[in-house]
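Heads up: the structure comes next, in structure tokens.
Any read-out appearing in this document is the output of simple, stated calculations on the displayed coordinates, not a laboratory observation. Here the structure is a predicted model, which means the values were calculated and not measured. Neighbour counts run over all protein chains shown; Cβ positions are idealised from the backbone, glycine included.
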Amino acid sequence: MAISDHVDFDRFLNGLKKRNPGQPEYIQAVHEVAQDIFDFIGDKEEYHAAQILRRIAEPDRVISFRVCWEDDNHNIRVQRGWRVQNNNAIGPYKGGLRFHPTVTESVLKFLAFEQTFKNSLTGLPMGGGKGGSNFNPKGKSDGEIMRFCQSFMTELYRHVGPDVDVPAGDIGVGAREIGYMFGQYKRISGRWEGVLTGKGREYGGSELRPEATGYGAVYFLENMLKHAGNSVDGKTALISGSGNVATHAAEKVVELGGKVLTLSDSSGFIHDPDGIDQNKIDWIKDLKVNRRGRISEYCEEFNGATFHEGQRPWHVAADLALPCATQNEIDAAQGQALVDNGVIAISEGANMPSSLDAIKAFQDNKVLYGPGKASNAGGVAVSGLEMSQNAERRSWDATLLGRTLQDIMSDIHTKCGEYGSDQNGHINYVKGANIAGFKKVADAMLAYGVL
Ligand code: NDP
């Protein structure tokens with residue numbers, strides 16, 4: 001950046017901070033993208049004149065509402081719900097719902113902002129949104145979950161629709177929650193329509209949707225490695241999380257000949273030097289989805305594994321890392337530990353799991369680094385395909401969807417290369433994804449004039 005650009009960038013960032021007090025995650029996400037965009041639009045007057053960056057960094061709207069429900073002991077409980085509709089320049093708002101006590105407006109604004117660029121990268125016509133609640137599903141009975149989901153949808157239904165805004169799952173929102181919310185939407189609107197994705201197969205859900213984010217993150221990893229003349233085969237991998245994304249990422253790493261050493265949950269991580277194979281992954285899926293247990297129980301079942309309470313797996317030596325739990329789960333020291341231990345590639349299954357300092361360490365050391373907006377876009381891509389299937393009242397078979405997912409991940413890799421390659425052929429995937437994602441949305445906004 002030239003000196004005058006630095007001054008403009010600082011002014012932009014200061015304005016952003018002033019307009020969004022107490023929202024560090026949102027500022028972190030915009031900061032990361034804006035750095036690359038500033039360079040890209042430096043000599044492109046049309047974007048400056050139309051104030052595109054300023055407009056893209058202001059959500060179309062943030063809807064916040066009360067969610068009132070009754071627990072099993074007849075206590076009345078009150079939570080807050082949100083839907084952030086960030087940008088619908090290239091299609092209906094699209095993005096998941098997160099139920100977790102750490103959910104705040106800032107977290108959802110960062111996720112909706114990232115989602116806008118990610119959805120653009122998939123090549124499908126989807127805008128960006130995100131929503132959720134500070135509700136904690138842990139330890140709640142099925143009845144409590146159902147009553148909460150129904151109450152949440154009783155307000156949300158008036159803001160969504162198949163051509164308006166199509167939410168999906170995210171942390172704490174899986175098939176069970178989507179079922180309860182879809183049922184409530186159908187009941188109060190009187191319409192069966194594709195208003196949510198991630199639905200059960202019996203009622204309009206797509207084959208491969210549950211697997212898509214984790215598998216896609218590994219396809220992206222394989223693309224990065226292939227570009228560098230390498231592959232997943234024979235490599236060791238650290239994975240965090242043990243939910244939907246993590247378990248499916250583990251499954252694909254194993255299928256491609258890699259060895260998964262770790263998984264985690266919010267209480268700590270397990271390290272299994274023998275490798276977490278498909279049988280063990282199936283056991284974990286059952287533990288998490290059906291028995292709603294804790295990852296520490298793995299060590300009672302499988303010999304040789306150790307549980308590390310309250311810790312994350314990033315100090316274990318391995319070739320590959322796939323953070324698949326939550327935002328900011330790799331801080332500067334953990335990022336440096338990965339580099340020092342010789343990690344060669346990182347593919348983010350989670351959204352913004354790496355802090356800005358950790359990303360700098362990866363880039364300074366030429367570690368292949370796939371940011372979530374590119375590497376975890378497989379989930380929303382298959383969600384987009386679920387919308388198409390619902391619109392045409394048909395179901396596509398898993399083989400076709402599998403091939404399409406691989407093609408989409410490979411296209412995203414190519415787009416990153418188009419805007420992020422240096423003279424030596426090294427790809428800065430952050431820059432490539434930011435610019436490619438931005439350009440399509442920005443050009444659509446230019447076409448609409450001042451809105
Ligand atoms: P799940 O709820 O299925 O699993 C989340 C996992 O992460 C759990 O193991 C959970 O542990 C752990 N986790 C959650 N919060 C924290 C925390 N604060 N600290 C440590 N561990 C935590 O969610 P998903 O697998 O669906 O989502 C994981 C990530 O992937 C999120 O960042 C999400 O935004 C992203 N993502 C998901 C997509 C999808 O299709 N599902 C699509 C694109 C991105 P515990 O059970 O103890 O809370």
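Projecting label points 7 angstrom from Cα along Cα→Cβ for R191 and R158 puts them 1.6 nm apart. Which log10 I(q)/I(0) values does the stretch 338-449 give at q = 0.09 Å⁻¹ under the Debye formula, counting every alpha carbon as one identical point scatterer? With one equal scatterer per Cα and no solvent, log10 I(q)/I(0) is -0.31.
Here V84, V316, V160, V450 are placed in order of increasing Cβ neighbour count within 10 Å, fewest first, which gives V450, V316, V160, V84. Across the stretch 210-375, counting alpha-carbon atoms alone, Rg and Dmax equal 14.3, 43 Å.
Three principal axis extents of the chain based on alpha-carbon atoms, in descending order, are 61, 52, 43 Å.
Simple spin-label estimate for V450 and S141 gives 5.8 nm between the two label positions (7 Å along the Cα-to-Cβ direction from each Cα).
Distances longer than 17 Å among the Cα atoms of the stretch 220-285: what percent of all pairs is that? Of all Cα-Cα pairs in the stretch 220-285, 37 percent lie more than 17 Å apart. Computed with the Debye formula from one identical point scatterer per Cα of the stretch 1-143, without solvent, the log10 of I(q)/I(0) at q = 0.10, 0.11, 0.12, 0.17 Å⁻¹ comes to -0.42, -0.49, -0.57, -0.97.
Amide H contacts under 5 Å for G198: S206, restricted to partners 5 or more places along the chain or on a different chain, H placed in the peptide plane at 1.01 Å from N.
Pull up the DSSP beta bridges for the chain and report the antiparallel fraction as a percent, rounded to 5. Can you show the working numbers first?
On the way: 27 of 46 bridges.
So the antiparallel bridges amount to about 60 percent of the total.
Want the number for N341 to E392: 0.36 nm per residue separation, take away the alpha-carbon distance, what's left?
On the way: separation 51, 0.36 × 51 = 18.36 nm, distance 4.98 nm.
Once the chain is fully extended between N341 and E392, it gains 13.4 nm.
The phi torsions of the stretch 29-41, fed into the Karplus equation with coefficients 6.51, -1.76 and 1.60 and a -60° offset, translate into couplings of 5, 5, 3, 4, 6, 4, 4, 6, 5, 4, 4, 5, 8 Hz, rounded to whole numbers, with Gly and Pro shown as x. Computed over the stretch 61-192, the quotient of the alpha carbon radius of gyration and 2.2 N^0.38 Å is 1.02.
For the stretch 150-260, the convex hull drawn through the C-alpha positions has a volume of 115 cubic angstrom per residue.
Of K18/K431; K360/K431; K18/K439; K130/K373; K366/K439, which sit over 24 Å apart, Cα to Cα? Checking Cα-Cα distances, K18/K431; K18/K439; K366/K439 exceed 24 Å. Residues whose amide H falls under 5 Å from that of N87, counting only those 5 or more places apart or on a different chain, are D60, G128, with hydrogens built in the peptide plane.
When the convex hull of its Cα atoms is viewed from all sides, the stretch 323-395 shows a mean projected area of 5.4 nm². Charging the Cβ of each Asp and Glu at -1 and of each Lys and Arg at +1, and nothing else, the dipole of the stretch 26-169 about its Cα centre rounds to 400 debye.
What full-extension length gain, to one decimal in nm, is calculated for R292 and Y203 as 0.36 nm per residue of separation minus the Cα-Cα distance? Walk me through the numbers on the way to the answer.
Numbers: separation 89, 0.36 × 89 = 32.04 nm, distance 2.42 nm.
Roughly 29.6 nm would be gained on extension.
In plain terms, the C-alpha convex hull of the stretch 167-213 casts an average shadow of 3.2 nm² when viewed from every direction. Phi-derived couplings, Karplus 6.51 cos²θ - 1.76 cosθ + 1.60 at θ = phi - 60°, listed residue by residue for the stretch 256-266: 8, x, x, 10, 8, 9, 9, 8, 8, 9, 6 Hz, with x used for Gly and Pro.
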